[in-house]
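Reading through the structure tokens given below for one structure.
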Amino acid sequence: MLSDLNAADHAALDHVATRQDAMLERVLGWARINTGSWNADGLRRLAPDIADALRETGAAVETVDAPPIEKINAKGETDAFHTGPVLRAVQRPDAPIQIVLTGHYDTVFPPKTFTDITEIGNGKLNGPGLADMKGGITVMIEALKTFESVGEAHGQKDRLGYTVILTPDEETGNFASDSFLREAAAQAHVGLTFEPAMEDGALAGARKGSGIWDIVFRGRSAHAGREPEKGRSAVWAACEMALKVEALMGVRDGVVFNVGSVDGGAAVNIVPDNAVLRVGSRAPDPDAAEWAEAQIMAALEQTLQRDGITAHVHGGFYRPPKPRNAAQDRLIGEVRETAKGIGLDLVFKDTGGVCEGNNVFAAGTPNIDTLGVRGGRIHSAEEFMVVDSLSERAGLTTLILNRLADGRMDGPAIKRLMS
Ligand SMILES: [Zn+2]
């Protein structure tokens, strides 16, 4: 243990150590309720349970309806999906130091696809959303509760206020909840997000940005046998653009492109007048993201040289890149220092994956986004959580809260490094 653990830190760690079993029970209960991103009933069923748990922190908790998510269907029409609510908790909004804590309660698993919770040895449990990220939400709430009770006893909680945002749609891009995340993040000095850490305990460093484009092509239908010359094939146009996009792979370091799907057409005796092309891209920094978007638009423009074809474009870089910068480097250094207090030598690894940390960063707020449980194989039926990491990571977050509250970690100074 490092000598700079103070009395409040010791009290917090002692308290968290007694909470392991209660935390495990909570996350198991939540994992038994399916909250696949498109399972609105399941999301609405679990949300009040999480809201109740949030209330244990003493914060003011609201359950807020999210706007509908607009989806472009295979015919190129826009469908609206009504997801579950966004949960928002606010504590001491006038305190001099403000942080935002975020997480999502949806999972990638549709109902009945992955339901069992199984012990798989080595202190691991396999189950849906245990790591990504019902375990993380459990860690967050326990850390806040501990901070409140210990902070009360040690007279430091009044300096730190926070907003918690828990979303129903992270796994599909936070399209309904992005504005909630950004609004809360903009007012915060530092962000904490509770995606799972890696099994070995490593956290995410830089993250690429992620863009999605749904491109709806329209042509003109005609009888493919009798008068094909009158037709203008939208499927042909979509395929032409798909080839141009795939050819961009490897052109610029670190930027990837992927054609996710091509939908369109009807019977083989009809020249197809509709097609939908879905394209994804990931880019490591804002310049690269701008370049990637320009390349996609140029590929589209060339495709539209074809006679009789028009297109509508939906989308863009919905999660901008989260590169390492001075603010991120400083915050990562401070969290590494904090972790030494519980004997952890934290490693940060750059990743092509994206999460709410990107959204918080886009609002101008430095953040650490993998403060949840240790785990692995997420987004698969082998997803697992390392059980002991519930109290380990709750301890880590509590120490971060203590240091932000008493100024050992200078949140406002870290935020100033963003500009
Ligand atoms: Zn997640």
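The values are calculated or read from the model by the stated rules, or taken from the named source; none is laboratory data. Since this is a predicted model, take the numbers as computed values, not measurements. With ideal geometry, Cβ positions are generated from the backbone for all residues, glycine too; neighbour counts draw on all protein chains shown. Each accessible area value is taken on the protein alone, full model and side chains, heavy atoms only, with ligands, DNA and RNA left out. Shrake-Rupley method; radii C 1.70, N 1.55, O 1.52, S 1.80 Å.
Any idea how many residues of the stretch 249-295 are in contact with a Lys or Arg (Cβ under 9 Å, 6 or more places away or on another chain) and part of a helix (DSSP H, G or I)?
5
Residues checked against (1) β-branched (Val, Ile, Thr); (2) modelled with pLDDT under 95; (3) in the same structural domain as Thr397 (by TED's automatic domain parsing):
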{"site": "Gly264", "(1), (2), (3)": "no, no, no"}
{"site": "Val271", "(1), (2), (3)": "yes, no, no"}
{"site": "Arg278", "(1), (2), (3)": "no, no, no"}
{"site": "Arg282", "(1), (2), (3)": "no, no, no"}
{"site": "Thr351", "(1), (2), (3)": "yes, yes, yes"}
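Collect the residues in the stretch 340-361 that are part of a helix (DSSP H, G or I) and surrounded by fewer than 21 Cβ atoms within 10 Å (Cβ to Cβ), keeping them in residue-number order.
Selection gives Lys340 alone.
If Phe109 meets every condition in (1) part of a loop (DSSP other than H, G, I, E, B); (2) away from the ligand (no atom under 16 Å from the Cβ); (3) over 30 Å from Arg218 (Cβ atoms); (4) modelled with pLDDT of 95 or more apart from one, which number is that one?
It is condition (2) that Phe109 fails.
Among the listed residues Ala289, Ala238, Ala247, identify the single one that is among the small types (Gly, Ala, Ser) and within 21 Å of Gly76 (Cβ to Cβ).
Ala238
In the list Ala80, Ala131, Ala89, which residue meets the criterion of being more than 16 Å from the ligand (Cβ to nearest atom), of a type in the set (Gly, Ala, Ser) and more than 30 Å from Ala311 (Cβ to Cβ)?
Within the list Ala80, Ala131, Ala89, the selection yields Ala89.
Is there any pair linking a residue in the stretch 75-103 that is under 16 Å from Leu401 (Cβ atoms) to one that is at pLDDT 95 or above and of a type in the set (Asp, Glu), with Cβ under 6 Å and at least six apart or on different chains, and which?
Thr102/Glu356
How many residues are in a helix (DSSP H, G or I) and either among the charged types (D, E, K, R) or in contact with a Ser or Thr (Cβ under 8 Å, 6 or more places away or on another chain) (or both) if we restrict to the stretch 54-70?
Number of matching residues: 1.
Of these, Arg278, Arg282, Arg252, which one is open to solvent by 40 Å² or more (accessible area, probe 1.4 Å) and closer than 24 Å to Ser221 by Cβ?
Arg278
Determine whether the stretch 342-361 contains at least one residue that is farther than 23 Å from Asn258 by Cβ and of a type in the set (S, T, N, Q).
no
With the checklist (1) surrounded by fewer than 22 Cβ atoms within 10 Å (Cβ to Cβ); (2) aliphatic (A, V, I, L, M); (3) within 30 Å of Gln156 (Cβ to Cβ) in hand, flag the one item Ala47 doesn't pass.
Against the list (1) surrounded by fewer than 22 Cβ atoms within 10 Å (Cβ to Cβ); (2) aliphatic (A, V, I, L, M); (3) within 30 Å of Gln156 (Cβ to Cβ), Ala47 comes up short only on (3).
Looking only at the stretch 305-319, decide whether some residue is within 16 Å of the ligand (Cβ to nearest atom), in a helix (DSSP H, G or I) and out of contact with any Cys (no Cβ under 8 Å at 6 or more places or on another chain).
Checked against the condition, which is being within 16 Å of the ligand (Cβ to nearest atom), in a helix (DSSP H, G or I) and out of contact with any Cys (no Cβ under 8 Å at 6 or more places or on another chain), the stretch 305-319 yields no hits at all.
Considering each of Leu344, Leu404, Leu417 in turn, give the residue that is under 22 Å from Met198 (Cα atoms) and in contact (Cβ under 8 Å) with a residue 12 or more places away in the chain.
Testing whether each residue is under 22 Å from Met198 (Cα atoms) and in contact (Cβ under 8 Å) with a residue 12 or more places away in the chain leaves just Leu344.
Out of all the residues in the stretch 157-211, which are open to solvent by less than 10 Å² (accessible area, probe 1.4 Å) and aromatic (Phe, Trp, Tyr)?
Those that are open to solvent by less than 10 Å² (accessible area, probe 1.4 Å) and aromatic (Phe, Trp, Tyr): Tyr162, Phe194.
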